[in-house]
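Here's the structure we're looking at; comments come further down.
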Amino acid sequence: GAVVSQHPSWVICKSGTSVKIECRSLDFQATTMFWYRQFPKQSLMLMATSNEGSKATYEQGVEKDKFLINHASLTLSTLTVTSAHPEDSSFYICSGLGQGKETQYFGPGTRLLVL
Amino acid sequence: GQQLNQSPQSMFIQEGEDVSMNCTSSSIFNTWLWYKQDPGEGPVLLIALYKAGELTSNGRLTAQFGITRKDSFLNISASIPSDVGIYFCAGRVNVNRDDKIIFGKGTRLHILP
C-alpha cells in the first residue's frame with residue numbers, strides 16, 4: 001500500500017509557541033491531503049482538506065488562522081499550530097488520497113503536548 | 001448529510017472467538033474501506049471494497065460491500081491479541097462533484113485474557 005510519513009512523531013512545547021507538522025506521501029502523489037485530530041479514546045475528527053496549490057477547506061469549528069495548512073507540492077502538506085495552548089494537545093494525523101481517489105492512506109500520527 | 005453508523009461501539013471477546021462489526025448508512029457509497037488503528041498509531045487500511053456485493057478476504061479478515069451499497073460488515077475469525085485496536089469503516093461518496101470519504105466512529109475491540 002501507499003506510504004505516508006509524518007514528522008515529528010512527538011512534540012512537547014510551551015504554551016504560546018507554534019508547532020509545524022509535516023506530512024509526506026512517499027511513494028505516490030497526493031493531490032488531496034486531509035488533517036485529522038484525535039482525542040484519547042475518540043474517533044478521528046476531520047479538521048481540514050487541502051488540495052495541492054489551493055487554500056485548504058476547513059471543517060466547521062476549526063479556526064483557519066490557528067491551524068495553518070500549506071500544501072505546496074503533491075507530496076508534502078504541513079500543519080502549523082500557531083500559539084499553541086494546552087487544549088491543543090492531541091494526536092494529529094494526516095492522510096493522502098490515492099491517485100485513484102478511492103482510498104485514503106494515513107500517516108503514523110504526531111502527538112502534540114502543550115505545557 | 002451522509003453519516004455512517006458503526007456498531008458495536010466496543011466489543012469484549014475471548015481470544016480465539018470470531019468478531020463481527022458493521023456499518024450502515026441511509027446514503028449510497030461508491031467504495032467501502034475498513035481501517036484498523038493501533039494505540040498511538042495512524043489508521044492502516046485493511047480492506048477496500050469497490051463493487052456492490054463484493055466479498056473480500058485478507059487473512060483472517062473478511063469484509064463485504066452490501067448489495068444496496070448502504071452497508072458493509074467486517075468479520076475477524078479466530079481473534080488473537082494483536083487484533084486489539086479500533087476498527088473504522090469509511091465510505092466514499094461524491095458530494096457536489098467532489099469525492100469525499102466519510103468515517104464511522106469506530107469499533108473498539110478488546111480481547112480478554
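No lab work stands behind these numbers, since they all come straight from the coordinates. Here the structure is a predicted model, which means the values were calculated and not measured. Using ideal geometry, Cβ is built from the backbone for each residue, glycine included, and neighbour counts are taken over all protein chains shown.
Is it true that B:ILE76 is in contact with a Leu (Cβ under 7 Å, 6 or more places away or on another chain), closer than 14 Å to B:TRP34 by Cα, away from every other protein chain (no Cβ under 14 Å) and in contact (Cβ under 8 Å) with a residue 24 or more places away in the chain? Break it down stepwise before answering.
Numbers: in contact with a Leu (Cβ under 7 Å, 6 or more places away or on another chain): yes; closer than 14 Å to B:TRP34 by Cα: yes; away from every other protein chain (no Cβ under 14 Å): yes; in contact (Cβ under 8 Å) with a residue 24 or more places away in the chain: yes.
Yes, satisfied.
Out of the residues in the range B:44-67 that are touching a Gly at 6+ places or on another chain (Cβ under 9 Å) and assigned to a loop (DSSP other than H, G, I, E, B), which is nearest to A:GLY98 (Cα to Cα)?
Step by step, filter the range B:44-67, then rank; the result is B:ALA52.
I'm trying to understand the selection: among the residues of the range A:24-55, which are within 19 Å of B:ASP38 (Cα to Cα) and touching a Cys at 6+ places or on another chain (Cβ under 8 Å)?
Of everything in the range A:24-55, those that are within 19 Å of B:ASP38 (Cα to Cα) and touching a Cys at 6+ places or on another chain (Cβ under 8 Å) turn out to be A:TRP35, A:TYR36.
Among the residues of the range B:79-101, what is the count of those that are more than 9 Å from every other protein chain (Cβ to nearest Cβ) and in contact with a strand residue (DSSP E or B) (Cβ under 7 Å, 6 or more places away or on another chain)?
9
Filter the range A:73-115 for residues that are in a strand (DSSP E or B), small (Gly, Ala, Ser) and within 14 Å of the chain's Cα centre (by Cα) and give the result. Show your work before the answer.
Kept after step one, since they are in a strand (DSSP E or B), are these residues of the range A:73-115: A:73, A:76-81, A:90-97, A:104-106, A:110-114.
With the extra rule that they be small (Gly, Ala, Ser), the set shrinks to A:73, A:77, A:90, A:95-96.
Selection gives A:SER77, A:SER90, A:SER95, A:GLY96.
Matching residues to (1) under 27 Å from A:PRO40 (Cβ atoms); (2) within 14 Å of chain A (Cβ to nearest Cβ); (3) crowded, with 21+ Cβ neighbours inside 10 Å:
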{"position": "B:SER20", "(1), (2), (3)": "yes, no, no"}
{"position": "B:CYS23", "(1), (2), (3)": "yes, yes, yes"}
{"position": "B:TRP34", "(1), (2), (3)": "yes, yes, yes"}
{"position": "B:GLY40", "(1), (2), (3)": "yes, yes, no"}
{"position": "B:VAL44", "(1), (2), (3)": "yes, yes, no"}
{"position": "B:LEU55", "(1), (2), (3)": "no, no, no"}
{"position": "B:ASN58", "(1), (2), (3)": "no, yes, no"}
{"position": "B:ALA63", "(1), (2), (3)": "no, yes, yes"}
{"position": "B:LYS70", "(1), (2), (3)": "no, no, no"}
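Name the residues in the range A:41-51 that are more than 10 Å from chain B (Cβ to nearest Cβ) and either in contact with a Gly (Cβ under 8 Å, 6 or more places away or on another chain) or not polar (S, T, N, Q) (or both), would you? It would help to see each step written out before you state the result.
To start, the set of residues in the range A:41-51 that are more than 10 Å from chain B (Cβ to nearest Cβ) comprises A:47-48, A:50.
A:MET47, A:ALA48, listed by residue number.
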